[in-house]
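The values are calculated or read from the model by the stated rules, or taken from the named source; none is laboratory data. Since we're looking at a predicted model, the values are computed, not measured. FYI the Cβ positions are ideal-geometry reconstructions off the backbone, even for glycines, and counts take in every protein chain you see. With ligands, DNA and RNA removed, areas are computed over all heavy atoms of the protein, side chains included. Shrake-Rupley method; radii C 1.70, N 1.55, O 1.52, S 1.80 Å.
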Amino acid sequence: MKILSVNAGSSSLKFTLIELPSRETIASGLFEKIGMEGSFYTIKYNGEKIQKECSLKDHSVAVSKLIDELLENKIVTSLEEIEGVGHRILHGGSEFTESTLLNEEVLKRIEKYNELGPLHNPANIMGVRAFMKVLPKVPNVGVFDTTFHQTMKEEEFLYPVPYEWYTEYGVRKYGFHGTSHRFIYKTISEYLKRDDLKVISCHIGNGGSLCAINSGKVVDTTMGFTPLAGIMMGTRSGDIDPSIIPFVMKKTGKSAEEIVNDLNKKSGLLGVSGISSDGRDVEDAANNGDARAILAQNMYAQKIANYIAMYNNLLEGADVITLTAGVGENSKTMRKMIIERIKSLGVKIDDDKNDFRGEFRLISTEDSKIPVYVIPTNEELMIALDTMDLIS
Ligand code: AMP
């Protein structure tokens with residue numbers, strides 16, 4: 001069966017058409033600047049690439065264009081071939097503990113969490129409604145970033161703040177990147193043929209989070225009420241002392257929103273290095289001796305290592321450490337820097353095995369106390385697999 005896996009943003013729509021159960025990607029693409037001047041789209045299939053500029057007034061127009069292109073280029077021969085559409089949805093609050101078949105009533109329930117994910121949720125829902133309009137007979141499934149983390153216990157997901165903030169306003173840790181962490185757990189547990197693994201999953205890309213997983217259930221994760229918490233990221237600060245916010249507000253005259261924007265968009269690797277949020281640029285600068293780039297890299301690696309050590313304690317000894325996403329899959333330098341900082345756990349990297357990019361591989365030495373695997377993530381496939389399960 002063919003399943004479309006979709007990630008709709010406020011002005012974009014990313015899709016992958018996947019054949020199941022073979023897991024083959026048939027086509028993928030991106031519609032950009034939807035509702036703006038200069039909108040365009042790119043579709044890749046079968047070694048071909050289509051790139052066109054065209055007016056895309058809203059997401060429904062983009063979906064109609066996508067369907068036209070799939071038919072015109074014979075990527076599908078009829079619409080009946082598309083049996084389901086799976087949608088990435090950022091936030092399902094505490095309510096959605098599994099991927100869910102979508103209808104208007106369910107969308108209304110998801111909309112309650114828009115204020116917890118204001119940049120993504122309304123756009124994700126807009127994408128669902130566009131498919132409901134253009135392909136009314138095809139079932140839609142919502143796959144949430146938050147659901148995998150809903151197994152955390154109260155003692156892990158609560159903040160030590162007035163309890164009423166939780167009961168009245170829903171202030172708690174939700175966690176994100178759940179679809180990626182779930183895919184990684186599924187991949188490593190299938191590979192090692194064990195469903196009782198204790199895994200520390202490190203998703204380190206432009207955004208980043210770690211997740212402590214025991215037997216498929218999340219024990220703790222580093223992102224929190226929002227994706228701003230946890231490790232240092234490309235442009236996000238990760239954990240900081242919250243008193244910094246009113247202090248810098250007074251010093252700069254900026255509003256709370258402006259400071260939070262600085263913490264989301266001008267901090268992390270970018271803020272410390274002053275060069276870039278991209279690990280490659282920071283690495284180049286560090287190799288040329290730039291002191292702040294070296295500082296940024298050291299801080300980045302150390303914060304990840306600290307959380308790995310913490311999660312090893314929480315899991316009472318991890319069986320596996322996994323690295324994924326842009327940095328984890330591609331940067332041998334950062335992988336080495338992180339693993340060198342967890343030598344107290346008896347973890348050792350094999351430099352020869354670590355010399356590659358973007359593949360599933362073991363990178364630790366034979367005598368490493370905990371094996372370390374690099375596993376390319378595939379959230380689109382996970383969304384498609386959930387969709388297949390729910391519509392079958
Ligand atoms: P993602 O968010 O998973 O798409 O990851 C994107 C990020 O991965 C980019 O912003 C880069 O910082 C990082 N990245 C990709 N390739 C490399 C590399 N070879 N070395 C360091 N960082 C990389």
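Assorted remarks:
- Residue that is over 22 Å from Arg335 (Cα atoms), touching a His at 6+ places or on another chain (Cβ under 8 Å) and open to solvent by less than 60 Å² (accessible area, probe 1.4 Å), where the choices are Val218, Val260: Val218
- Neighbours by Cβ (under 8 Å, 6+ apart or cross-chain): first from the stretch 327-355, without any contact (Cβ under 8 Å) to a residue 24 or more places away in the chain; second within 11 Å of the ligand (Cβ to nearest atom) and open to solvent by 10 Å² or more (accessible area, probe 1.4 Å): Asn354/Lys332; Asp355/Lys332
- Test for Asn287: is it open to solvent by 50 Å² or more (accessible area, probe 1.4 Å) and modelled with pLDDT of 95 or more: yes
- Selected residue (only one of Ser180, Ser209, Ser189, Ser201 is open to solvent by less than 10 Å² (accessible area, probe 1.4 Å), modelled with pLDDT of 95 or more, part of a helix (DSSP H, G or I) and closer than 27 Å to Arg335 by Cβ): Ser180
- Comparison of Ile259, Ile275, Ile245, Ile240 shows that the only residue that is more than 23 Å from Leu119 (Cα to Cα), aliphatic (A, V, I, L, M) and either without any contact (Cβ under 8 Å) to a residue 60 or more places away in the chain or within 16 Å of the ligand (Cβ to nearest atom) (or both) is Ile275.
- For Val138, the criteria (1) assigned to a loop (DSSP other than H, G, I, E, B); (2) within 16 Å of Tyr174 (Cα to Cα); (3) in contact with a Leu (Cβ under 9 Å, 6 or more places away or on another chain); (4) open to solvent by 10 Å² or more (accessible area, probe 1.4 Å) hold in every case but one, which is (2).
- Filtering the stretch 315-332 to residues that are open to solvent by less than 70 Å² (accessible area, probe 1.4 Å), at positive phi and away from the ligand (no atom under 11 Å from the Cβ) leaves only Gly317.
- Residue within the stretch 382-389 that is closer than 29 Å to His87 by Cα and β-branched (Val, Ile, Thr) present: yes
- Within the stretch 210-221, one or more residues are of a type in the set (Lys, Arg) and away from the ligand (no atom under 16 Å from the Cβ).
- Any helices (runs of 4 or more DSSP H) falling wholly within the stretch 307-392 and containing at least 3 residues that are at pLDDT 95 or above and over 28 Å from Asp281 (Cβ atoms): 379-391
- Subset tally (residues that are surrounded by 19 or more Cβ atoms within 10 Å (Cβ to Cβ), free of Cβ contacts under 8 Å to residues at least 40 places away in the same chain and over 20 Å from the mean Cα position of the chain (by Cα)) for the stretch 4-35: 1
- When residues of the stretch 161-176 are limited to those that are assigned to a loop (DSSP other than H, G, I, E, B) and without any contact (Cβ under 8 Å) to a residue 60 or more places away in the chain, the one farthest from Ala305 (Cα to Cα): Pro162
- From Arg357, Arg292, Arg335, residue being of a type in the set (Lys, Arg), surrounded by fewer than 16 Cβ atoms within 10 Å (Cβ to Cβ) and within 15 Å of the ligand (Cβ to nearest atom): Arg357
- Considering only residues in the stretch 297-314 that are open to solvent by 10 Å² or more (accessible area, probe 1.4 Å) and touching a residue at least 40 places away in the same chain (Cβ under 8 Å), the one that is nearest to the ligand (Cβ to nearest atom) turns out to be Gln297.
- Residues located in the stretch 145-169, provided they are in contact with a helix residue (DSSP H, G or I) (Cβ under 7 Å, 6 or more places away or on another chain) and either open to solvent by less than 40 Å² (accessible area, probe 1.4 Å) or at pLDDT below 95 (or both): Asp145, Thr146, Thr147, Phe148, His149
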